[in-house]
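Undergrad: One structure coming up, written as structure tokens, with questions to follow.
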Amino acid sequence: MRKTVLVLGLALLFATSGFAADTIKLGGMLPLSGRAADLGITCKQGAELAVKEINAKGGVLGKKLELLMADSKANVQELVSLSKRYIQKDEVNFLFGVVSSAGSLAVSEVAKQEKVIFMDTVGSTDTLTKEKWNRYTFRSGTCNSQEANSLSLYAAKKYPKLTKFYNLGPDYEYGRTMWALFQAKTKEANPKAEFIGEQWPKLFIPDYTTYINAILAAKPDAVFCSLWGGDLVAFIKQAKPYGIFEKMKWIIATGGDITVAKALGGDMPTGMIVDQRYYFHWPESERNKAFVKAYMADYNDYPSAWAAEGYDGVYFLAEAVKKAGSLDTDKVIAALEGLTIDAPRGKATLRKEDHQLSSDFMVGETVFVKEYPFAIVGNTEVFTADRVLYSIEEWKKAQEGNK
């Protein structure tokens, strides 16, 4: 009897070990509830599509990808707990996801301590890959400098008479960094620029009346706004009856987000200067068309930028493991550094030095066209990474204070 139990126990152990050995685990953490849910859910869907495509072709090194996913609730403490659970209990090979910049910084610190690779998808603060850089963190999405600098250059070129700027941004890492970057680049492009006020609402507040009235009273030429997701939708709905979008120019980071455009429908103001980190209608490449078609087939919707960042993040990891020929952390890091993939957004490279995504970036203005029931981005201009992404020289200088 004891021999039978021993044999069964060993069989179970081998079966369990075999299952674990046959999968490559990604520990996903994204907000799947609350105002940030649209970002998290579509990023999750993009990642799931990539996993499906890769596994359909046999996986990587004979192993299938397995995407674990948990609701981070856009909460930093929750992200730290999830990261540690994934590593210590689920024994994931990679940490994956995150939407907020503050959360990305927290997860990156866990990755550094535990020596586990973290693929950040949406959290975009420059600090992650610059001042707080570590060798275990990579980013498949664009960063704040690409976004703020592109918006600034577009506004300065198209609307040189705008000189008085006001800020409306979320009161945390992302909003503060975006405003600082926008001010610096705008002053460089237009020495006459003035920055006459700033407002810092907390994330997910229900009422923006105080902020709307403050902006109207200040009478700026333009407002730089870095509210995002559900907060941006709520603000626009509350502000539109005041006629505020006709009284001044609006420059909105991630204002071209399709999830925002769909939520607002015909209420989306036109003529706002906006960006987004990926567009389903640009570039008009076969790779992008194939991605949009596959995403539409699975989810009956157009992919958001967040979906593309999740999708690309999985492909970067899969290609790196394939190139490394191993799941050894040091070998995968070496393979990720400088890796280029053919992404829906076009050629996408993880820079060797700082692990930041380098790719083209497009800015334009909100317009309605007959093909879609929601606003898209028109009157566009493309900015190459070398024009708007912080330089490797800047990165090297930042490392002097990075312990």
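Undergrad: Please enumerate the residues belonging to segment 21-34 that are at pLDDT 95 or above and either touching a Gly at 6+ places or on another chain (Cβ under 9 Å) or acidic (Asp, Glu) (or both). Step through it out loud before you land on a result.
TA: If we filter segment 21-34 for residues that are at pLDDT 95 or above, which is where we start, we get 23-34.
THR23, ILE24, LEU26, GLY27, GLY28, MET29, LEU30, PRO31, LEU32, SER33, GLY34, listed by residue number.
Undergrad: Being in a helix (DSSP H, G or I) and either touching a Ser or Thr at 6+ places or on another chain (Cβ under 8 Å) or charged (D, E, K, R) (or both) is the requirement here; does THR259 meet it? So that I can check it myself, show each step before the final result.
TA: Values: in a helix (DSSP H, G or I): yes; either touching a Ser or Thr at 6+ places or on another chain (Cβ under 8 Å) or charged (D, E, K, R) (or both): yes.
Yes; evaluated as a whole, the condition is true for this residue.
Undergrad: Sticking with this structure for a sec: Where in segment 274-392 are there strands (runs of 3 or more DSSP E), lying wholly inside it, with at least 1 residues that are assigned by TED's automatic domain parsing to the domain that holds THR137 and in contact with a Gly (Cβ under 8 Å, 6 or more places away or on another chain)?
TA: Values: elements: 340-343, 346-350, 361-367, 376-383.
Once the strands (runs of 3 or more DSSP E) in segment 274-392 are filtered for at least 1 residues that are assigned by TED's automatic domain parsing to the domain that holds THR137 and in contact with a Gly (Cβ under 8 Å, 6 or more places away or on another chain), what remains is 346-350.
To keep it simple, each residue is scored yes or no on (1) surrounded by fewer than 22 Cβ atoms within 10 Å (Cβ to Cβ); (2) touching a residue at least 24 places away in the same chain (Cβ under 8 Å); (3) touching an Asp or Glu at 6+ places or on another chain (Cβ under 6 Å).
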| site | (1), (2), (3) |
| --- | --- |
| GLU284 | yes, no, no |
| PHE291 | no, yes, no |
| ASP312 | no, yes, no |
| ALA320 | no, no, no |
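Undergrad: Sticking with this one: Among the listed residues PHE361, PHE316, which satisfies the condition of being touching a Leu at 6+ places or on another chain (Cβ under 7 Å) and touching a residue at least 24 places away in the same chain (Cβ under 8 Å)? Reasoning before the result, please.
TA: Numbers: PHE361 fails: touching a Leu at 6+ places or on another chain (Cβ under 7 Å).
Of the residues listed, the single one that is touching a Leu at 6+ places or on another chain (Cβ under 7 Å) and touching a residue at least 24 places away in the same chain (Cβ under 8 Å) is PHE316.
Undergrad: Can I ask one more? In segment 227-248, which residue that is small (Gly, Ala, Ser) and farther than 18 Å from ILE258 by Cβ is surrounded by the fewest Cβ atoms within 10 Å (Cβ to Cβ)? Steps first, please.
TA: Of segment 227-248, the ones small (Gly, Ala, Ser) are 229-230, 234, 239, 243.
Still in the list and also farther than 18 Å from ILE258 by Cβ: 239, 243.
Working: ALA239: 22, GLY243: 9.
Only one residue fits best here, namely GLY243.
Undergrad: Any idea which residue in segment 72-100 is nearest to GLN356 (Cα to Cα), counting only those that are of a type in the set (Gly, Ala, Ser) and in a loop (DSSP other than H, G, I, E, B)?
TA: Of segment 72-100, the ones of a type in the set (Gly, Ala, Ser) are 72, 74, 81, 83, 97, 100.
Imposing the further condition that a residue be in a loop (DSSP other than H, G, I, E, B) reduces the set to 72, 74, 100.
On the way: SER72: 23, ALA74: 22, SER100: 16 Å.
Ranking the candidates gives SER100 first.
Undergrad: Taking SER124 as meeting all but one of (1) out of contact with any Cys (no Cβ under 8 Å at 6 or more places or on another chain); (2) more than 22 Å from GLY378 (Cα to Cα); (3) among the polar types (S, T, N, Q); (4) surrounded by 23 or more Cβ atoms within 10 Å (Cβ to Cβ), write down the number of the exception.
TA: For SER124, the failing item is (1).
Undergrad: Within the set of pairs 6+ apart or on separate chains, which have a first residue in segment 214-229 that is without any contact (Cβ under 8 Å) to a residue 12 or more places away in the chain and not assigned by TED's automatic domain parsing to the domain that holds LEU203, a second that is assigned to a helix (DSSP H, G or I) and not basic (Lys, Arg), and C-beta atoms under 9 Å apart?
TA: As it stands, the answer is none, since no pair meets every condition given.
Undergrad: Which pairs have Cβ atoms under 8 Å, sit 6 or more apart or on different chains, and link a residue in segment 389-403 that is surrounded by 13 or more Cβ atoms within 10 Å (Cβ to Cβ) to one that is basic (Lys, Arg)?
TA: Final answer for the pair search is TYR390/LYS130; ILE392/ARG351; GLU394/LYS130; TRP395/LYS130; ALA398/LYS130.
Undergrad: I would also like to ask the following. Residues of segment 131-180 being under 19 Å from PHE235 (Cβ atoms), out of contact with any helix residue (DSSP H, G or I) (no Cβ under 7 Å at 6 or more places or on another chain) and surrounded by fewer than 22 Cβ atoms within 10 Å (Cβ to Cβ), which ones?
TA: If the condition is that a residue be under 19 Å from PHE235 (Cβ atoms), out of contact with any helix residue (DSSP H, G or I) (no Cβ under 7 Å at 6 or more places or on another chain) and surrounded by fewer than 22 Cβ atoms within 10 Å (Cβ to Cβ), then ASP171, ARG176 are the ones that fit.
Undergrad: Could you check segment 360-403 and list, in sequence order, the residues that are closer than 21 Å to ALA261 by Cβ and aliphatic (A, V, I, L, M)?
TA: Passing the criteria: MET362, VAL363, VAL367, VAL369, ALA375, ILE376, VAL377, VAL382.
The values are calculated or read from the model by the stated rules, or taken from the named source; none is laboratory data. Since this is a predicted model, take the numbers as computed values, not measurements. Ideal geometry is used to build each Cβ from the backbone, glycine not excepted, and the neighbour counts take in all protein chains shown.
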